[in-house]
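K.L.:
Can you keep this structure in mind? I'll have questions shortly.
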Amino acid sequence: SPRLSIMHTILQGFLVSGGLIVAIGAQNAFVLKQGLRRWHVLPIILTCFLCDCLLISVGVFGLGAFISQSRTASVALAFVGALFLLVYGARAWRSAWRGGTALVVDGDSTQGSPWQAVLLTLAITLLNPHVYLDTVVIIGGIAGTLSPLAPGLFLLGAVSASALWFFALGYGARLLIPLFRRPVTWRLLDGIIGVIMWGIAYSLVRYGIGLMQG
């Protein structure tokens with residue numbers, strides 16, 4: 001029935017987007033850490049969500065197909081993204097080595113304005129080319145296989161997954177605050193983030209080299 005078809009398309013968008021967004025990356029690690037610090041959580045969450053809305057919309061309505069067909073653009077995104085993630089991972093490792101981060105778990109939210117939080121979130125999100133591969137290329141490519149009337153419904157499901165995830169991550173992090181009062185927990189988190197960032201960077205380099213050799 002038409003109603004079932006509509007629900008199926010929305011659910012498809014929700015599951016595809018959710019599967020990509022939930023994978024831990026630079027953006028999620030940043031939101032989690034600021035949620036733990038209680039540092040301008042709402043502006044950060046809204047910035048992440050609005051960026052996702054914009055990028056997924058661009059992907060769903062056509063740019064994803066264009067980029068995926070351009071080997072040069074895909075290779076460039078892969079290597080620039082790898083460089084960004086290597087730097088981010090190195091900073092996480094340095095923080096893990098130095099330790100002492102537990103003192104800012106309940107960090108003063110007055111240190112730094114909401115606009116500074118928004119600008120930092122934009123940098124973490126938009127300067128990471130991996131987010132374009134996920135939202136524009138992958139989600140856009142899947143949406144390109146749908147019927148002409150379906151992309152809008154697919155987009156609705158995709159952005160709903162984004163909203164649910166970022167609000168849950170930002171505000172749910174507060175439940176972990178007692179655990180993160182311990183310095184060793186912060187050091188473990190930073191170490192894990194460093195490993196994940198370098199792992200993703202390695203996969204992007206392999207992806208770029210594969211495209212160049214293919």
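K.L.:
Just the number please: accessible area per residue for the chain, 1.4 Å probe, all protein chains included, in Å².
P.N.:
53 Å²
K.L.:
Going by average Cβ neighbours within 10 Å, how do the peptides 128-138, 35-45, 72-82 rank, with the highest at the top? Numbers along the way, then the final one.
P.N.:
On the way: 128-138: 22.5, 35-45: 20.6, 72-82: 18.2.
Output ranking for 128-138, 35-45, 72-82: 128-138, 35-45, 72-82.
K.L.:
Still on this model: What 222 nm value per residue comes from the helices of the chain, counting each DSSP H run with n ≥ 4 as -39,500 (n - 2.57) and dividing by all residues, nearest 500 deg cm²/dmol?
P.N.:
Here the helix-only value at 222 nm equals -24500 deg cm²/dmol.
K.L.:
Sticking with this structure for a sec: Can you grab the distance from the C-alpha centre of the range 1-54 to the C-alpha centre of the range 123-200, Å, no decimals?
P.N.:
6 Å
K.L.:
Order the following by accessible area, largest value first: 186, 97, 198. Probe radius 1.4 Å; ligands, DNA and RNA are ignored. All intermediate terms of the calculation are to be shown ahead of the outcome.
P.N.:
On the way: 186 0, 97 200, 198 100 Å².
Reading off the accessible areas and sorting them downward yields 97, 198, 186.
K.L.:
Quote the relative contact order of the chain in percent (integer), defining contacts as alpha-carbon pairs under 8 Å separated by 6+ residues. It would help to have the intermediate numbers written out before the result.
P.N.:
On the way: 295 pairs, mean separation 98.9, N = 214.
Relative CO of the chain lands at 46 percent.
K.L.:
Could I ask something else about it? Taking a probe of 1.4 angstrom, what is the accessible area of residue 54 in Å², to the nearest 10?
P.N.:
Around 110 Å² of this residue is reachable by solvent.
K.L.:
Something else: Tally up the carbon and sulfur contribution to the accessible surface of the chain as a whole percent, 1.4 Å probe, everything protein left in place.
P.N.:
Working: 8100 of 11250 Å².
Carbon plus sulfur share of accessible area: 72 percent.
K.L.:
Between 0 and 90 degrees, rounded to the nearest ten: what's the tilt of helix 26-37 against the longest Cα principal axis of the chain?
P.N.:
40 degrees
The values are calculated or read from the model by the stated rules, or taken from the named source; none is laboratory data. Just so it is clear, the model here is predicted, and its values are computed rather than measured. We place every Cβ from the backbone using ideal geometry, glycine too, and count neighbours over all the protein chains shown. Ligands, DNA and RNA are excluded from the accessible area calculation, which covers all protein heavy atoms including side chains. Shrake-Rupley method; radii C 1.70, N 1.55, O 1.52, S 1.80 Å.
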